[in-house]
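The values are calculated or read from the model by the stated rules, or taken from the named source; none is laboratory data. Treat the numbers as computed from the prediction; the structure is a model and nothing was measured. Glycine also receives a Cβ, built like all others from the backbone with ideal geometry; neighbour counts cover every protein chain displayed. Keep in mind that these areas ignore ligands, DNA and RNA; they rest on the heavy atoms of the full protein, side chains included. Shrake-Rupley method; radii C 1.70, N 1.55, O 1.52, S 1.80 Å.
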Amino acid sequence: MLGNDPSQAADELARWAENLERTAQKYQDLQGRMETLSVTESSADNRISVTVDANGVTTGITLAAATRGMDPAAVAAELMACTRRAQARLRNQVTDLVHDMVGDDGAGQAIVGQYAARFPDPEPVAPPAPAQPVYTPPATYAPPPAPAQPSHSTRKPDRDQTFTPDEPDEDDLYYRRKSWLE
């Protein structure tokens with residue numbers, strides 16, 4: 001509160017104005033430093049990288065030649081993951097910069113809060129699902145083993161077993177060479 005002395009009030013007012021001027025200069029310096037920030041994140045295999053500016057906007061994408069054979073959905077997912085990681089790193093850099101340049105005042109905390117709300121930590125990446133097993137048929141067909149013959153004799157014929165003669169007869173030889181449609 002200002003005192004009754006006018007000269008003391010003028011001194012207090014001058015100090016307050018200087019303090020405001022210093023604070024304004026700090027925030028101008030902070031703004032200048034923030035405008036130069038950019039963050040680049042790359043995929044684990046370095047095939048894909050994304051750069052974001054101080055506002056978290058993507059300003060650059062680099063795709064290595066090895067991405068040509070990749071599934072487009074996998075490329076898109078990795079682009080998004082790189083972007084989210086870059087934005088989260090940007091948030092951390094802005095937080096450090098604000099604390100270093102202006103401290104913990106209300107305006108600085110508001111800036112940090114805005115970046116925290118806009119750029120949360122990226123969700124952990126789930127490992128890729130294992131490939132579905134592929135059925136590979138056997139190279140040659142092996143018929144199942146014949147069922148064991150019962151030890152006791154029955155009067156019913158064995159309908160599951162096919163009998164072929166040991167030697168072919170004349171008709172079999174004739175029709176093997178020709179079609180029955182002739």
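Fully extending the segment from residue 38 to residue 4, taken as 0.36 nm per residue of separation minus the present Cα-Cα distance, adds 7.0 nm. The modelled label-to-label distance for the pair residue 57/residue 14, using points 7 Å beyond Cα in the direction of Cβ, is 4.5 nm.
Only protein atoms count toward the accessible area here, which uses a 1.4 Å probe; on segment 27-87, the carbon and sulfur part of that area reaches 50 percent. In this view, the solvent-accessible surface of residue 33, computed with a 1.4 Å probe and all protein chains in place, comes to about 130 Å². Estimated at 0.36 nm per residue, the fully extended path between residue 65 and residue 45 surpasses their Cα-Cα distance by 6.0 nm.
Length available on full extension from residue 142 to residue 24: 0.36 nm per residue minus the Cα-Cα distance, which gives 33.7 nm.
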